[in-house]
Every structure is written in C-alpha cells, then in structure tokens.
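Here's the structure we're looking at; comments come further down.
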Amino acid sequence: MGNIIKALVAFIPADCCQNYVVRDLREMPLDRTVDVSGSQLRRLPVHVCAFTELVKLYLSDNHLNSLPPELGQLQNLQILALDFNNFKALPQVVCTLKRLCILYLGNNKLCDLPNELSLLQNLRTLWIEANCLTQLPEVVCELSLLKTLHAGSNALRLLPGQLQRLRELRTIWLSGNLLTDFPAVLLRMPFLEVIDVDGNRIRYFPSLAHLSGLKVVIYDHNPCRNAPKVGKGVRRVGRWAEETPEPDPRKARRYALAMEEDKEPQAPAPPPPLPPSST
C-alpha cells in the first residue's frame, strides 16, 4: 500500500505533494525526530526548520538537490540523513550544524566535499559511499573525532597520507573502488579495527601483522595472489582466509627445515635373510 501511495504522490504537483507528506508535522515531535524518507520530496519543507530542538532528521530516498538556509536553525541536530538523493554538491548549510555526529551522504552524485566540512568537529560517522569521488577529499582528514568512514563504491585509486591524523578512526570501508595497491597509509594506522577493501584491484597484500588493533580485514574479490598476513586472533574474509595467521619467523624456518628433512630419501632397508636350506 505504501508503494502505491508513493507512486500516486509522484504525479501530484510539488506544492501539493509537500503539504500531503508533511501535514502531520505542524508540531515538534516528542521524540525530536523527523523522518520523511521516501516521500518524493523535491525540497525540504521550511517549517520543519522551526523545530529547533530536533535531534534526528531523515531525508533519505527523495529527489533533493538543495537545502534551504533555514536548516541552519537546527543547531541541536545530531543525525542527518541525505542519502539516496540528487545532491551534486553538499549544501554549505550542512556545515553549520556543529553538533552533527552522524552524516549520511551515500548514493548521491558528489564529486567532492567542501572545505567547510572541517567545521563538523563532533562528527563520528561519515557515509559517502556510492558517489562520484575519484579521490578521498582531504577535508575528511580534518574530522579529528571520526570513528567510522564508509567510502565504498566510488572510484578511489589511493588515499591521502593525511588520513593517519585520524587517531580515533576504527573502521574504514573501501569496498568497490579502484585501488590497485593496498593503501600505504593504512599500514601506519595501528588503531584501526576493521579494514574493508573488498572488490578492488589489489594484486598483492603486505603484512598487516603489526596492526595491533586490527580485528577484521575483508579483502575478498581482489586479483591477489596472497592473503594478508595478520596477527593472532584477527579474522580474515577472502581467499585463503582459513589459513593460520602469520607465524613467528623463527618457528616458520624451523618448520620448513623439518619438512625438508622429512623429504630426504631414507636408506633402503637390508633384504630379509634367506631361509635355511632344507638339504
């Protein structure tokens, strides 16, 4: 039934559609949350911006490509979902919402992010997957409290060295990009817990055994000829993942020598004595 209503709404003129969708949003919601996802909106109803105590605003899966300057009144906003829209550039007003902790920008048409994004110093989670990014915007490296970065399904070929500044970063998702080498900067980030480089073009993995915080590495669907070596207890997802983590080099050498000794030909056993003659 919901899909039928959405289909009908698509044929209603924009102003009527806006009134239909937000007719119940005349008062501040008790849970301080507004969710108008999947409502065929082409612009945000301005009166929503009068709810200055709003904490969560979900605008996913609409037809938005701009936001009104009045959005800046929502200075208590902590979660903003703009994914699955038509944004070609992030509206500057978003960068004024300094209490934002989670920002969803996935599945738009973004080719870059504005420098003003660095003003969001409370941001913990940033989703920018499935956009048109050919490089990770360096402004991301200025989000000092960022813990989770979703940047999959873009066209990234490398990562900026400045990424190692993000000492709070624990999870980075880079699946479905164009990486041909494992990003060198990640080797200098021992605090990472989850690394996802699934579905890239990486042919060789360096050892990750020195990344002391690592818990999971996902490397499947790469044309690699080796599995990344990891420390004890680290889960690997990909080819050869069932193999044991990287052994101690000295033990590995001893094991190899033992194997070689087992392969050495043994001296033939002496023939059995002939039975005594019956004569």
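For region 80-108, name all the residues that are without any contact (Cβ under 8 Å) to a residue 24 or more places away in the chain and exposed (fewer than 15 other Cβ atoms within 10 Å of the Cβ). Show your work before the answer.
Taking region 80-108 as the starting set, the residues that turn out to be without any contact (Cβ under 8 Å) to a residue 24 or more places away in the chain are 86-88, 100.
Selection gives Asn86, Lys88.
For Leu77, all conditions in the list (1) surrounded by fewer than 17 Cβ atoms within 10 Å (Cβ to Cβ); (2) out of contact with any Ser or Thr (no Cβ under 8 Å at 6 or more places or on another chain); (3) at pLDDT 95 or above; (4) more than 29 Å from Ala155 (Cα to Cα) hold save one; what is the number of the exception?
(1)
Taking the stated definitions as given, is Ser207 under 17 Å from Leu126 (Cα atoms) and of a type in the set (Gly, Ala, Ser)?
no
Just wondering, is there one or more residues in region 172-182 that are of a type in the set (Val, Ile, Thr), closer than 28 Å to Arg239 by Cβ and either surrounded by fewer than 16 Cβ atoms within 10 Å (Cβ to Cβ) or in contact (Cβ under 8 Å) with a residue 40 or more places away in the chain (or both)?
For region 172-182, residues of a type in the set (Val, Ile, Thr), closer than 28 Å to Arg239 by Cβ and either surrounded by fewer than 16 Cβ atoms within 10 Å (Cβ to Cβ) or in contact (Cβ under 8 Å) with a residue 40 or more places away in the chain (or both): present.
Take the residues in region 113-132 that are over 16 Å from Cys101 (Cα atoms) and surrounded by 20 or more Cβ atoms within 10 Å (Cβ to Cβ), then tell me which one is farthest from the chain's Cα centre (by Cα).
Leu113
Can you list residue pairs whose Cβ atoms sit under 8 Å apart, with the first residue in region 39-66 being at positive phi and the second being polar (S, T, N, Q) and surrounded by fewer than 19 Cβ atoms within 10 Å (Cβ to Cβ)? Count only pairs 6 or more apart in sequence or on different chains.
Partner pairs satisfying both residue conditions: Asp61/Ser37.
Do we have any residue at all in region 90-105 that's assigned to a strand (DSSP E or B), in contact with a strand residue (DSSP E or B) (Cβ under 7 Å, 6 or more places away or on another chain) and farther than 29 Å from Pro45 by Cα? Please lay out each step first, then the result.
Within region 90-105, the first condition is being assigned to a strand (DSSP E or B), and the residues that meet it are 102-104.
In the following step, the residues that additionally are in contact with a strand residue (DSSP E or B) (Cβ under 7 Å, 6 or more places away or on another chain) were identified as 102-104.
Now restrict to residues that are farther than 29 Å from Pro45 by Cα: none.
No, the conditions are met nowhere in region 90-105.
Condition first: assigned to a loop (DSSP other than H, G, I, E, B) and among the aromatic types (Phe, Trp, Tyr). Now tell me which residues in region 164-212 satisfy that. Don't jump to the end; show me each part of the working.
Quick first cut of region 164-212, residues assigned to a loop (DSSP other than H, G, I, E, B) only: 166-170, 174-183, 189-193, 197-212.
Listed by number, the residues that qualify are Phe182, Phe191, Tyr204, Phe205.
Which residue is surrounded by the most Cβ atoms within 10 Å (Cβ to Cβ), if the candidates are limited to region 192-219 and must be of a type in the set (A, V, I, L, M, F, W, C) and more than 16 Å from the chain's Cα centre (by Cα)?
Taking region 192-219 first, the residues of a type in the set (A, V, I, L, M, F, W, C) are 192, 194-195, 197, 202, 205, 208-209, 211, 214, 216-218.
Now narrow it down to the ones that are more than 16 Å from the chain's Cα centre (by Cα): 202, 205, 208-209, 211.
Numbers: Ile202: 20, Phe205: 21, Leu208: 24, Ala209: 16, Leu211: 22.
Checking each candidate, the answer is Leu208.
Can you pull out every residue in region 46-74 that is in a loop (DSSP other than H, G, I, E, B) and surrounded by fewer than 17 Cβ atoms within 10 Å (Cβ to Cβ)?
Result: Thr52, Glu53, His63, Asn65, Ser66, Pro68.
The values are calculated or read from the model by the stated rules, or taken from the named source; none is laboratory data. From a predicted model like this one, the values you see are computed outputs, not experimental measurements. Note that each Cβ is placed from the backbone with ideal geometry, even for glycine, and that neighbours are counted across all protein chains shown.
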